[in-house]
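Student: I'd like to ask you about the structure that follows.
The values are calculated or read from the model by the stated rules, or taken from the named source; none is laboratory data. Values in this document were obtained by computation on a predicted structure and should not be read as measured data. Neighbour counts run over all protein chains shown; Cβ positions are idealised from the backbone, glycine included.
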Amino acid sequence: MMTTMAVLAFPIEEKIQQEYQQQGLNTRKHPHKINRTNALAMLKEICCSLFVKKKTDPALTAFDDILKATREIVRPNRKFPRKKLKRQPPSMNYKAL
């Protein structure tokens, strides 16, 4: 699934990088990249249309549009340690009988 997403998202990612290089540093402060989580979720939605229904053109154009709309800003040196929480036991409502 991840490989298929990477193959379908690669042209859009290249276009986003080319836009950043063409516009220069004056219009955008940081480069952008696609949101891979949204790309994978969208692929799960359109895979039925792609493989079963054989409606490739509308599915791929919708996929491309959503990838272009859900960009993320790549900010350098933005690494914060995550809070490590203890795993909570399940609620008593869901205990095994």
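Student: Are there any pairs with C-beta distances below 7 angstrom linking a residue in region 41-66 that is farther than 17 Å from residue 12 by Cβ and part of a helix (DSSP H, G or I) to a residue that is of a type in the set (A, V, I, L, M, F, W, C) and modelled with pLDDT of 85 or more, with the two at least 6 apart or on different chains, and if so which?
Tutor: 49/59
Student: How do the pairs read when you match residues in region 70-82 that are closer than 14 Å to residue 36 by Cβ and without any contact (Cβ under 8 Å) to a residue 60 or more places away in the chain with residues anywhere that are of a type outside the set (Val, Ile, Thr) and outside any strand (DSSP E or B), using Cβ under 6 Å and keeping only pairs 6 or more apart or on different chains?
Tutor: Hits for this filter: 70/35; 70/38; 72/35; 74/30; 74/31.
Student: Filter region 70-97 down to the residues that are surrounded by 10 or more Cβ atoms within 10 Å (Cβ to Cβ) and not charged (D, E, K, R), then identify the one that is modelled with the lowest pLDDT.
Tutor: This residue is 74.
Student: Return yes when residue 18 is among the polar types (S, T, N, Q) and assigned to a helix (DSSP H, G or I) and no when it is not.
Tutor: yes
Student: Further, regarding this structure: For region 1-30, which residues satisfy the criterion of being polar (S, T, N, Q) and under 15 Å from residue 42 (Cα atoms)?
Tutor: Answer for region 1-30, where residues must be polar (S, T, N, Q) and under 15 Å from residue 42 (Cα atoms): 3, 4.
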